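Novice: Before anything else, here's the structure in question.
The values are calculated or read from the model by the stated rules, or taken from the named source; none is laboratory data. Model, not experiment: these values are computed from the prediction. Glycine gets a Cβ as well: all are built from the backbone with ideal geometry, and neighbour counts include every protein chain shown. Side chains are part of the model used for accessible areas, which takes the heavy atoms of the whole protein and leaves out ligands, DNA and RNA. Shrake-Rupley method; radii C 1.70, N 1.55, O 1.52, S 1.80 Å.
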Amino acid sequence: MNPWLAIAATIVLTVAGQLLQKRTALRFAAARGSALAFYLRAADFWLALLCLSGAMALWLVALASFDVSKAYALLGINYLLVPLAAVWLFGERLPPRGWLGALLVCAGIFLIGRS
């Protein structure tokens, strides 16, 4: 598998897993009862677990081709994608300082990616 494709798929699956975890947590907060029973029945929980497991497998593929310092830095794009998606999907608010931090992370990813 192309290592760049493995990194990209790792990012997509990690972001999806994080967002599914958030959706599961929101649904649990609105429910009553045992947390364990809720999570065992929650499709979002299992889908999040599947996404994160797939991301881990693809991460191993990527690590076979990249230095971990470069590959891990590329995953930093999650610091922009997850908040953007949370604003869009959950109506969360990201303060200006949060946007600035996300942009600085992107600048760092760009610099590391060019090295």
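Novice: Could you tell me what % of all Cα pairs in the chain have separations over 18 Å?
Specialist: Values: 3829 of 6555 pairs.
The answer is 58 percent, as a whole percent.
Novice: Ignoring ligands, DNA and RNA, please state the percent of accessible area on the range 4-98 from carbon and sulfur, probe 1.4 Å.
Specialist: Reported share for carbon and sulfur atoms: 69 percent.
Novice: Here is a further query. From the helices alone, meaning DSSP H stretches of at least four residues, give me the mean residue ellipticity at 222 nm for the chain, per-run term -39500 (n - 2.57), in deg cm²/dmol to the nearest 500.
Specialist: -27000 deg cm²/dmol
Novice: For the chain, what is the relative contact order in percent, using Cα pairs closer than 8 Å and at least 6 residues apart in sequence? Numbers along the way, then the final one.
Specialist: Numbers: 95 pairs, mean separation 38.0, N = 115.
Relative contact order of the chain: 33 percent.
Novice: For the ranges 18-31, 73-86, what's the packing order if you count other beta-carbon atoms within 10 Å of each residue, average per peptide, and put the highest first? If you can, show how the numbers build up before the last one.
Specialist: Working: 18-31: 15.4, 73-86: 17.1.
By packing density, highest mean first, the sequence is 73-86, 18-31.
Novice: To test your reading of the geometry: what angle, between 0 and 90 degrees and rounded to tens, separates the Cα axis of helix 43-63 from the longest principal axis of the chain?
Specialist: Tilt of helix 43-63: around 20 degrees.
Novice: On average, how much accessible surface per residue is there in the chain, in Å², for a 1.4 Å probe, leaving out ligands, DNA and RNA? Show your work: numbers first, answer last.
Specialist: On the way: 7510 Å² over 115 residues.
In whole numbers, the chain has 65 Å² accessible per residue.
Novice: Right, next: From largest accessible area down, sort 88, 4, 59; use a 1.4 Å probe on the protein chains.
Specialist: Working: 88 205, 4 130, 59 45 Å².
Ranked list, largest accessible area first: 88, 4, 59.
Novice: Net charge around residue 51, counting only other residues with Cβ within less than 14 Å of its Cβ (Lys, Arg = +1; Asp, Glu = -1)?
Specialist: Numbers: positive: 22, 23; negative: 44.
Net charge in that neighbourhood comes out at +1.
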